[in-house]
Amino acid sequence: MATTASSFMDSLFQRTLDDLIKGLRHNLIGEQLFISKSLEDIRKEIKSTDLQTKSIALEKLTYLSSIHGIDMSWAAFHAVEIMSSSRFSHKKIGYLAASLSFNESTEVLLLITNQLRKDLSSTNEFEVNLALECLSVIATIDLARDLTPELFTLLSSSKVYVRKKAIAVIFKVFEKYQDSVGVCFKRLVENLEGSDGKSMSAAVGVFCELAAKDPRAYLPLAPEFYRILVDCRNNWVLIKVLKIFASLAPLEPRLAKRIVEPICELMRKTGAKSLLFECIRTVVTSLGEYESAVRLAVSKTREFLSDDDSNLKYLGLQALTIMGPKHLWAILENKEVVIKSLSDTDSNVKLAALRLVMTMVSEDNVIEICRVLLNYSLKSDPEFCNEILSSILFTCSRNFYEIIVDFDWYVSLLGEMSRIPNCQKGEEIESQLIDICLRVEDARPELVRVGRDLVIDPALLGNPFLHGILSAAAWVSGEYVEFAKSPFELLEALLQPRTNLLPSSVRSVYIQSSFKVLVFCLHSYLLNNEAHIPSSSPEKLASGVPDTVLGDGFLEASVITAPKSIVESEHDADFSPGASNHGVSVENDGEDVIHGQTSLSVPLEKDYFTRESIIKLLDMSEMALGPLLESHEVEIQERSRNVIGLIELIKQEITGPLVKKETDDMRDEFKALNMIRLICDGFSEELGPVPVTAQERVPVPEGLTLVENLCDLDTIFADMNLLTQSSLILGTLNLGETTGGSLSDLQTKDDLEPATESTSLLSEHRKRHGLYYLPSEKSNSLYNAYPPANDSLLQQNENDHVDDLVKLTEQSLVPKKKPSHAKPRPVVVKLDEGDVPITSRKLESEENLLSGAVRDALLGNEDKSTSAKVPCGKSSSKRIEKGKQSVDVPSESNDNAADKGKADVGKGSSRRSKGRGKERKHKSGVKGGTQREGNGQRENLKSSRTSKHKTHHGAVDSVNVIPQTPVIPDFLL
Amino acid sequence: MTMIHFVLLISRQGKVRLTKWYSPYSQKERSKVIRELSGIVLNRGPRLCNFVEWRGYKVVYKRYASLYFCMCIDQEDNVLEILEIIHHYVEILDRYFGSVCELDLIFNFHKAYFILDELLLAGELQESSKRTVARIVAAQDALVETAKEQASSISNIIAQATK
């Protein structure tokens, strides 16, 4: 008694929804506070036994949830209670709450199956409506399965209002529970064929969704869609039918031929822009071969383009974009509008114009278009400017810079882009600079020039968006310093004071690059000096260099040839045509030495590297890097320590006491030369290209156990000096085994490999299968073989912190190739596999399962269908008998004339886990067979289903499979 | 795909007036979407396109008086069609409330939902006839009213209290 009294009081003094809303609007105590107070009330009220009080509380909560984003999942159970009220006003509130707040993971969903079933079967159409609406939002697999019979009934309800809603919901159910297709599909098709416009419209909507996912399955229904296209006067429906045809037409040319005329007719007649646009789009996407239709579409598009309405302009541009590649004339006709649209006030229009322009880019016009666009980007707002830049970057780099012929131009374009004030595409430009550097050998001189210009400009250092680019520029100019006009200037730039504005990761690249530049300068200087010194004892020289570190090319050359060739020999590793150079430089005198080294670059003046300038250089580096020894950043500290260490060492050698005997001096310089040469070797060695997939293809040698987890290596390497050391190790290891410019070279080099057990096994294997190790056939370039597996592991572990080397390996490509000056376009190195992003292997998705199910249902249906319009005798003769379970149908039955796919069928039997309805398919090893198999399976399910309509819980044991492809009745075509 | 992913009604001041989600979004995502989109849509100038490209979708919007009606569709969908659906919805609201204003929707938020549900189901246009929608909504209102009357009759209250 007491409780009822209190609930009575509750309901008397309960705030209504209106009160709540008013309170919120007046907002006397602040919105948040008011909401939390109201929530307190609601929590109390919602527990009331009085349904009226309860439902008002729920209504208020629903309001707060949908408008103010208040969580109401805790009230799910109350919502269910109110849903089950017999009073319509309550039920409505309950259902509204449910459809707004429930989702698949709501636990109480398990409780509402029966309530939904009851309401779906209600005689009150509005109650049915509520249940349908709710189901459309929260359909789960279980609900879809359990309520399929009710929906099946509703699909042929005499009440149009209910029927059309049931049709719309059936799509959700199909998605969740494919087996329902077998049960309901026939009735869905009946609705499509039926005389009632509303049901037909709803059915078209469902087919539009279905056909978007896998059009092929719906080809057999083409006659129906065609009838609607011709007869229907409802624009909404026509738009959807056009969408269906847009996806069907490309599959069946005869169908395309048939629909062209009606669509053109629509285009001419209709006043509705939405329909007109859909017509245009259908024509340009799917009926491109029909010249007259395209012309009509283009003329309508022009109307769009000249309209003041931005929407229409946008859509016009979009239509042109689709047309673009095939009908260039259409774009050329509208060129002015397009270019003008680039400076439209509306960003959507600008974007559309930009996309359109980008589709026009080809090898021939890329330079011109990029020039125009870059000018636009200077004038545009930052956002659009970056849009332009990113589309240029994207288009030009597509498919390994397919459309770029002149890389020098492109590289300088990249440099130019970097200087655009609004540029925020640093990351992309950075990766392209490095990418091109690695792939296109011929572009390196220009890259170094561009890199130098970027590095040298102190103004750029302050822009954080450019740091990535600067890091790439620094790396390029360090790595290929031999192309630099003035290494001194470069070194100065790399060490300029403003580099302290750089983040430490970039700064360490700078330091590493300055290291390389410094070594290069020293090397050149020492070589230069040496060239003027009469060779005293070559043997001494050669032996001064530890053999283990020497490349074999070096060794052989130094033994066989004259002393000067020592200088030359090390470059054999770098330049495959080294042999020819070699001869030249032996005959010429010292001058050619440096020239040989730099190969393509401008010859450096002989007296460029004087003792004074070198000493100045060393001083400068020392001064710039000295303070960094105190840096808190490990990378910076260690790298500068390395450089300083080298400087100290070299200084002792070069700047001894001023008065000294010449021979001593010379000896010192020899020492220094050897030292520098070693380091130089380390730098000049290029890493071999390793495709992503290479590692997998290395068979594990017998007796070698691979450790899954390599984390114990971390401890081993933890306290090692990670920097220069690792780069040297890398260099030497590689040097030992893979400096080959040709395959025969490679073989001889293999003999010199370090003979740890696993590597020798590997090298054996490589010798035997040398050809298969790297797929170099296509790109016509020669790669280094990759280092043995364990080395590369070491490498990876060590390199974790060495960013510029990581960059190299990350790209996993090295442009070790023959220079191809004869060709107009420089060679762009690609790896056949692994380099290309693995094309997305399409997994058989739910949708495919769904459409498979549909296909079966459809074919089965047509077979049985009363619709006289669809004569499909051909396919019907090959049909499985309905209603039989566990039939073994021989797979030869796929000699159906229309069957295009040669599917492997009948290989696996399929099972269904009972009750749950989730399909479990046997993965037969046969690709392409799987889907058909699935189809066949479902066909059987379907046949069992149609035989005993609602007994869809019954498990089908083992069934065999039959493939079917849709058949379009000939009369249409 | 012709499906509408969600419908938002946002006032010019950025207040949410109605949200309806046809694709699954968690409460958190919903709030985020609303925040993001009201920022984008409300800041657009007049005479621009009636849609924005957003996270790979298109959000079609149209302003009626102080209210922005937004619907989210797939990128390749027909914008004009959605604009017509929005207009259709507004016309039906207008007819139902008699020159509808923002206040009508604020105080009758559930009715705005029911009307929308007659128009769209599972993100698809359901009913293209304004008259039919009006008739059906009216019939449901009547049903609710009779139920309410029963509930609030004195005898009922007494029966409840003395149960």
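For the reader, a short list of remarks on this structure follows.
- Within the option set A:377, A:390, being among the small types (Gly, Ala, Ser), touching a Cys at 6+ places or on another chain (Cβ under 7 Å), within 27 Å of residue A:439 (Cβ to Cβ) and modelled with pLDDT of 85 or more holds for one residue only, A:377.
- Residue match in segment A:132-144 (condition: within 11 Å of chain B (Cβ to nearest Cβ), of a type in the set (Val, Ile, Thr) and surrounded by 22 or more Cβ atoms within 10 Å (Cβ to Cβ)): yes
- Enumeration of residues in segment A:29-63 that are without any contact (Cβ under 8 Å) to a residue 40 or more places away in the chain, touching a helix residue (DSSP H, G or I) at 6+ places or on another chain (Cβ under 8 Å) and among the aliphatic types (A, V, I, L, M): A:29, A:35, A:39, A:42, A:46, A:51, A:58, A:61
- Of the residues making up segment A:405-464, those that are among the polar types (S, T, N, Q) and out of contact with any Pro (no Cβ under 6 Å at 6 or more places or on another chain) are A:412, A:418, A:424, A:431, A:432, A:463.
- There is at least one residue in segment A:200-219 that is assigned to a helix (DSSP H, G or I), open to solvent by 10 Å² or more (accessible area, probe 1.4 Å) and touching a Phe, Trp or Tyr at 6+ places or on another chain (Cβ under 9 Å).
- Selection from segment A:234-258 of residues that are away from every other protein chain (no Cβ under 14 Å) and within 18 Å of residue A:207 (Cα to Cα): A:248, A:249, A:250, A:251, A:252, A:255
- Residues of segment A:451-482 classified as part of a helix (DSSP H, G or I), open to solvent by 10 Å² or more (accessible area, probe 1.4 Å) and within 25 Å of residue A:680 (Cα to Cα), total: 5
- Filtering segment A:152-171 to residues that are within 13 Å of chain B (Cβ to nearest Cβ), within 43 Å of the chain's Cα centre (by Cα) and hydrophobic (A, V, I, L, M, F, W, C) leaves A:166, A:167, A:168, A:169, A:170, A:171.
- Answer from B:58, B:62, B:28, B:32 - the residue that is within 12 Å of chain A (Cβ to nearest Cβ), open to solvent by 40 Å² or more (accessible area, probe 1.4 Å) and in a strand (DSSP E or B): B:62
- Matching entry among B:73, B:85 (being outside any strand (DSSP E or B), touching a residue at least 40 places away in the same chain (Cβ under 8 Å) and surrounded by 21 or more Cβ atoms within 10 Å (Cβ to Cβ)): B:85
- Selected residue (criterion: most open to solvent (accessible area, probe 1.4 Å)) from residues of segment B:1-23 that are facing chain A (nearest Cβ under 7 Å) and over 17 Å from the mean Cα position of the chain (by Cα): B:1
- Condition met for residue A:488 (under 22 Å from residue A:625 (Cα atoms), assigned by TED's automatic domain parsing to the domain that holds residue A:624, in a helix (DSSP H, G or I) and over 31 Å from the mean Cα position of the chain (by Cα)): no
- Test result for residue B:79, modelled with pLDDT of 85 or more, over 23 Å from residue A:130 (Cβ atoms) and within 11 Å of chain A (Cβ to nearest Cβ): yes
- Figure legend. Inter-residue proximity from segment A:4-24: first residues at the interface with another protein chain (Cβ under 9 Å from one of its Cβ atoms) and within 23 Å of residue B:106 (Cα to Cα), second residues modelled with pLDDT under 80 and open to solvent by less than 60 Å² (accessible area, probe 1.4 Å), beta-carbon distance below 6 Å, spacing 6+ or different chains. No pairs are indicated.
- Within segment A:146-159, the set of residues being open to solvent by less than 30 Å² (accessible area, probe 1.4 Å) and in contact with a helix residue (DSSP H, G or I) (Cβ under 7 Å, 6 or more places away or on another chain) comprises A:147, A:148, A:151, A:152, A:154, A:155, A:157.
- Scanning segment B:103-117 for residues that are open to solvent by less than 20 Å² (accessible area, probe 1.4 Å) and either without any contact (Cβ under 8 Å) to a residue 24 or more places away in the chain or within 8 Å of chain A (Cβ to nearest Cβ) (or both) yields B:106, B:109, B:113, B:117.
- Residues satisfying the criterion are absent from segment A:280-298 (criterion: under 26 Å from residue B:46 (Cβ atoms) and more than 14 Å from chain B (Cβ to nearest Cβ)).
- Going through (1) over 27 Å from residue B:130 (Cα atoms); (2) away from chain B (no Cβ under 14 Å) one by one, residue A:174 falls short only on (2).
- Scanning segment B:1-43 for residues that are under 20 Å from residue A:169 (Cβ atoms) and in contact with a Gly (Cβ under 8 Å, 6 or more places away or on another chain) returns B:2, B:3, B:4, B:5, B:22, B:23.
- Output for segment B:35-55, where each listed residue is open to solvent by 40 Å² or more (accessible area, probe 1.4 Å) and assigned to a helix (DSSP H, G or I): B:35, B:36, B:40, B:42
- Residue in segment A:115-126 that is farthest from residue B:6 (Cα to Cα), counting only those that are open to solvent by less than 30 Å² (accessible area, probe 1.4 Å) and either of a type in the set (Asp, Glu) or at the interface with chain B (Cβ under 9 Å from one of its Cβ atoms) (or both): A:119
- Residue ID - farthest from the other protein chains (Cβ to nearest Cβ), chosen from residues in segment A:220-233 that are open to solvent by 10 Å² or more (accessible area, probe 1.4 Å) and in a helix (DSSP H, G or I): A:223
- Residues of segment A:61-95 that are within 12 Å of chain B (Cβ to nearest Cβ), under 44 Å from the mean Cα position of the chain (by Cα), open to solvent by 10 Å² or more (accessible area, probe 1.4 Å) and not hydroxyl-bearing (Ser, Thr, Tyr): A:67, A:68, A:69, A:70, A:71, A:74.
- Residue match in segment A:269-290 (condition: surrounded by fewer than 16 Cβ atoms within 10 Å (Cβ to Cβ), without any contact (Cβ under 8 Å) to a residue 24 or more places away in the chain and not in a helix (DSSP H, G or I)): yes
- Residue identified as polar (S, T, N, Q) and surrounded by 18 or more Cβ atoms within 10 Å (Cβ to Cβ) among A:347, A:343: A:347
- Under the condition of being of a type in the set (Phe, Trp, Tyr) and open to solvent by 90 Å² or more (accessible area, probe 1.4 Å), the residues counted in segment A:362-384 number 0.
The values are calculated or read from the model by the stated rules, or taken from the named source; none is laboratory data. Not measured: the values here are computed from a predicted model. Note that each Cβ is placed from the backbone with ideal geometry, even for glycine, and that neighbours are counted across all protein chains shown. When the accessible area is computed, the model is the full protein with side chains, heavy atoms only, and any ligands, DNA or RNA have been set aside. Shrake-Rupley method; radii C 1.70, N 1.55, O 1.52, S 1.80 Å.
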